[in-house]
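Input: a single structure, listed below in structure tokens.
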Amino acid sequence: MHTEAERGEWPRTAAILGAGTMGLGVAECFAAAGITVRLADATPELAREAREKLVLRARGHAEAGLLPEEAAGRAEGVEAAGGTEEAVAGVDLVFEAVPESVGLKEEVLGVCSAAASPEAVIVSNTSSLPMDDLARFVEGQGRFCGMHWFNPPEWTPGVEVIPAATTDTGTVERLVGFLRTIGKRPAVVGSGPGFVANRIQNALFLEAVRCVEEGLASPEEVDEVVRSCFGFRLPFFGPFAISDMAGLDVYASVLGVLRDGLGERFEPPRMLLDLVEEGRTGTKTGAGFLNYTDEEQARLLIERDRRYAALLELLDRLPPVGAGRGEE
Ligand SMILES: NC(=O)c1ccc[n+]([C@@H]2O[C@H](COP(=O)([O-])OP(=O)(O)OC[C@H]3O[C@@H](n4cnc5c(N)ncnc54)[C@H](O)[C@@H]3O)[C@@H](O)[C@H]2O)c1
């Protein structure tokens, strides 16, 4: 988590509406970065309890050596508000993280946008609700945007920024700039079902469940394959960089076999076939989904290997935790 010294000027103050799994983690992250935070939950009592949990959580992170004492201590300054209106009064940024129900989001976004300053930016952490539907509940739609964090929010760097059709460009730029100053890695994505991350994550999950259902492997074995085979690369490379390195012609052939065996969900996409037909088969030809300069092409493999060697060392030091692995 980044601390105040590394942070920009905006926002100085933020309201978190819904202090549950996500809201509390984001509150800790904001507070650690020196932002003045107010929490609201369904009742004032729940907001007070959430504040206590937040203080304990930040202290736990400090005790584990994961957060400097001073940054963790800022959680003590987080205020529990009596309700939505009190929480948003005068703040620069409103972060909505109430449960994933359209009715609840409508109520909370309506109340908070009426009560907040007209300059306040309002974001929703929705995982799946279409941003244009939510924008309709907000007064001053240009300042409303999706900002989808991932659990645990204090540590996961990626955040999807999802503009609605009515979101001002300035709002998007401001949010992206802010997220970078607190050490996050924002990506601006469109508002299709599941946005980008949940769509891809769930495609993976569906195939994992099917592998178990069909008796190919146990859940433990599937987890090991995902984590240790292709998943091993994912901290450094996404699917386009990985397929470019493997060869897009190889991917097209493999997908053909999968389509014949498993059906049309594996049909090789036109975009992939076009690249192969154009001879853009990846790093070996200097271009695939991505373009590579001669220098990048020359350095890519050794830089890749440097990262994989470092990751192997980290895995030796901190082996996976969880079921059957002796988690403490
Ligand atoms: N849990 C995840 O991994 C995750 C990840 C990304 C996004 N999200 C999204 O974030 C949002 C919150 O999810 P969560 O997992 O933190 O839920 P949660 O149930 O842990 O927390 C929601 C909080 O909102 C409070 N709440 C209920 N009604 C309220 C109201 N009227 N005003 C203020 N607070 C109210 C609840 O008491 C609770 O503390 C959802 O939109 C969810 O889809 C969740």
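Some observations on this one:
- The phi torsions of the range 10-16, fed into the Karplus equation with coefficients 6.51, -1.76 and 1.60 and a -60° offset, translate into couplings of 10, x, 8, 9, 9, 10, 10 Hz, rounded to whole numbers, with Gly and Pro shown as x.
- Set of lysines with alpha-carbon distance to residue 184 below 24 Å, sequence-local pairs under 8 removed: 53
- Acute angle (nearest 10 degrees) that the helix 219-228 long axis makes with the longest principal axis of the chain, alpha-carbon atoms: 80 degrees
- The slack in the chain from residue 197 to residue 66, taken as 0.36 nm per residue of separation less the alpha-carbon distance, amounts to 44.5 nm.
- Look at the Cα gyration tensor of the range 164-207: its axes a ≥ b ≥ c give a/c of at least 1.5 with a/b at or below b/c, and that counts as oblate.
- Å² of accessible area per residue within the chain, as computed with a 1.4 Å probe and no ligands counted: 53 Å²
- The C-alpha atoms of the chain define a longest principal axis, and helix 102-115 lies at about 50 degrees to it.
- Bridgeable aspartates and glutamates around residue 105 (alpha carbons under 18 Å apart, same-chain partners fewer than 8 residues away excluded): 41, 85, 86, 96, 132, 133, 139.
- Local electrostatic count at residue 275 - Lys and Arg +1, Asp and Glu -1, tallied over other residues with Cβ under 13 Å: -2
- Model label zone, residue 302; criterion: amide N under 15 Å from point 7 Å along Cα-to-beta-carbon; scope the range 258-289: none
- Accessible carbon and sulfur surface of the chain relative to its total accessible area, %, 1.4 Å: 56 percent
- Helix 294-317 vs. the chain, principal-axis angle (Cα, 0 to 90°, nearest 10): 70 degrees
- Cα-based shape type of the chain, given that a ≥ b ≥ c are square roots of the gyration tensor eigenvalues and the cut on a/c is 1.5: prolate
- Each Lys and Arg Cβ is given +1 and each Asp and Glu Cβ -1; about its Cα centre, the chain then shows a dipole of about 400 debye.
- For the range 249-328 versus the range 82-114, the gap between their alpha-carbon centres in whole angstrom: 41 Å
- Working note: Karplus 6.51/-1.76/1.60 with θ = phi - 60° gives the range 187-199 the couplings 10, 8, 9, x, 9, x, x, x, 6, 9, 5, 5, 5 Hz, where Gly and Pro are set to x.
- Per-pair calculated FRET efficiency, R0 = 30 Å: residue 321 and residue 56 via Cβ, rounded to 0.05: 0.90
- Local electrostatic count at residue 243 - Lys and Arg +1, Asp and Glu -1, tallied over other residues with Cβ under 13 Å: +1
- Among the GluC sites (Glu not before Pro) in the range 194-280, those located in a DSSP loop and surrounded by at most 16 other Cβ atoms within 10 Å of their own Cβ are 214, 278.
- Helical content of the chain, expressed as a calculated mean residue ellipticity at 222 nm, amounts to -15000 deg cm²/dmol (DSSP H runs of 4 or more residues, -39,500 (n - 2.57) each, divided by residue number, nearest 500).
- Residue 139 long-range amide H proximity, modeled H, under 5 Å: 113, 114
- Qualifying GluC sites (Glu not before Pro) in the range 133-184, where qualification requires a DSSP coil assignment and no more than 16 other C-beta atoms within 10 Å, comprise 139.
- Shape category assigned to the range 1-90 from the gyration tensor of Cα positions, a/c cut at 1.5: oblate
- Computed from backbone phi with θ = phi - 60° and the Karplus coefficients 6.51, -1.76 and 1.60, the 3J(HN,Hα) list for the range 237-243 is 9, x, x, 6, 5, 5, 5 Hz; x is used for glycine and proline.
- Amide H within-cut-off set for residue 39, under 5 Å, with H built and near neighbours excluded: 16, 79, 80, 81
The values are calculated or read from the model by the stated rules, or taken from the named source; none is laboratory data. What you are looking at is a predicted structure, and each value in this text was computed from that prediction instead of being measured. Because the Cβ atoms are built from the backbone with ideal geometry, glycine has one as well, and the counts that use them run over all protein chains shown. All accessible areas refer to the heavy atoms of the entire protein, side chains included, with ligands and DNA or RNA removed. Shrake-Rupley method; radii C 1.70, N 1.55, O 1.52, S 1.80 Å.
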